Amino acid sequence: MNKKTVRDVDVGGRRVFLRADLNVPLDDGRITDDTRVRASVPTIVYLLERGASVVLASHLGRPKGKVNDALRLKPVADRLSQLLGRPVRLTGDALGAGVQLAVDKLQPGDLLMLENLRFHAEEEANDPGFAKALAGFADLYVDDAFGSAHRAHASTEGITHYLPAVAGLLLEREVEALSRLLKKPAKPFHTVIGGAKIAGKLEVLEALLNRCQAILVGGGMANTFLAARGLAMGKSLVETDQLENAERIMAEARRKRVRFMLPTDAVIAPQIHYRARTETIPIDAVPKDQMVVDIGPETVAAYTEHLAKARTIFWNGPMGVFEITGFAAGTTAIARYIAERTGAGVVTIVGGGDSVAAVEQLGVADQMTHVSTGGGASLEFVEGKSLPGVEALLDRDDP
Ligand code: ADP
Ligand code: MG
């Protein structure tokens, strides 16, 4: 990475504003996936052990600029304190006289966590006054929030106008790992892409068409491609407004000689319900009153056979409605197979909120070369876009 990191500066005795991405999924106040909290620990420990005092900040959910008690960072602070084995103090607000007092009292090795930044509308508006106020808490800015790096917000971009800004260890690891998909990936480079929709993934599909030798499609997204080829998809999720885009992508794949694979069989159900009766059918036999909920075993076999040739595999988006056990076989099989390929020296990278959740649930996350905490940021990175949160950091050769 051509950016300065925490390892390039002397952090001892410094007061550090550490932006992490602790935006975890919550269910009734309980964290359902703590990946991002765990992934943020190394930089926190790194700074504290070297005698920095740390003001830790994150957003959580979408409170849209208003205080929302359901989106307080308390559960995150509690989880973090378990992981660190020490209490984590959380302020009642990200700004204010009380926060300033608490910050003033920080000693080397002390940690203070600010309440949800997005309780202030100024955060997402990248308000310079707000950014400057946050910067006032510290003399060094460390950005470890890779998952927020695609947004120029006050705490990811604005603040870098007021403080020297360097990368944390997680952000560095993410950039290094995902760069392996951009800079001379070992060929063949195959992508498995799925999830609900094409909308939102058009740009990543187009970027991948320029880099991959094969794109294997599953999930709800595959239905739209199949419909564009003239197949009847019954009650399946089909984006009727994306049919033209789907055709265009497939035409581009043909022109660029990228192998574009679609499911040849599917698991269908009358509705998305955990007790729904399922059936496996050839893809050209989806009944009017049924919907595709997963790829079928023949598709799994064809995809894994093709993936066996790949030296680099990128995976984004589940192959079916994996949240329901009866619809998860396709996603499970693909996840396990990709994980297995890491052992054969293949670079295996997973990005995207739900695909990452699937990989975590299946317990194969640590068998992958890299599982990104980035969600949308990882997709934008793979598209080749520059991320404002990364761009704003000091370059390696800056003084
Ligand atoms: P990611 O977060 O990994 O990028 P997406 O957000 O694009 O993935 O899509 C994930 C969602 O897609 C999941 O909630 C899953 O249930 C849904 N999904 C996958 N296959 C289908 C399908 N055949 N029909 C409807 N929804 C699907
Ligand atoms: Mg998602």
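Any read-out appearing in this document is the output of simple, stated calculations on the displayed coordinates, not a laboratory observation. Predicted model, so just to flag it, every value in this text is computed and none were measured. Here the Cβ is made from the backbone with ideal geometry for all residues, glycine too, and neighbour counts use every protein chain on show.
Below, the figures for the structure above:
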read-out	value
Modelled FRET efficiency - R0 35 Å, Lys132 with Val67, Cβ distances, 0.05 increments	0.95
Order of Phe314, Phe225 under a 10 Å beta carbon neighbour criterion, fewest first	Phe225, Phe314
Entries of Lys64/Lys201; Lys183/Lys385; Lys3/Lys385 with Cα pairs more than 18 Å apart	Lys64/Lys201
Computed lengthening from Thr264 to Lys74, 0.36 nm per intervening residue step minus Cα-Cα distance	63.7 nm
Extension gain from Ser179 to Asp284, taking 0.36 nm per residue of separation minus the Cα-Cα distance	33.9 nm
Label-point separation in nm, Lys385 to Asp397, each point 7 Å along Cα→Cβ	2.8 nm
Length-normalised contact order for the chain - Cα pairs under 8 Å, 6+ apart - percent	17 percent
Candidates Thr278, Thr240, Thr35, ranked by Gaussian network fluctuation over the chain, Cα under 10 Å, top entry	Thr240
Rounded if a/c under 1.5, otherwise prolate or oblate - the range 1-154, Cα gyration tensor axes	rounded
Compactness of the chain, expressed as Rg and Dmax over alpha-carbon positions, Å	22.5, 69
Extension gain (nm, one decimal) between Ala97 and Ala186, 0.36 nm per residue minus Cα-Cα	26.7 nm
The range 156-192 residues near the modelled Met1 label - backbone nitrogen below 13 Å, point 7 Å along Cα→Cβ	165-180
Fraction of antiparallel bridges per DSSP, the range 184-382 only, in percent to nearest 5	30 percent
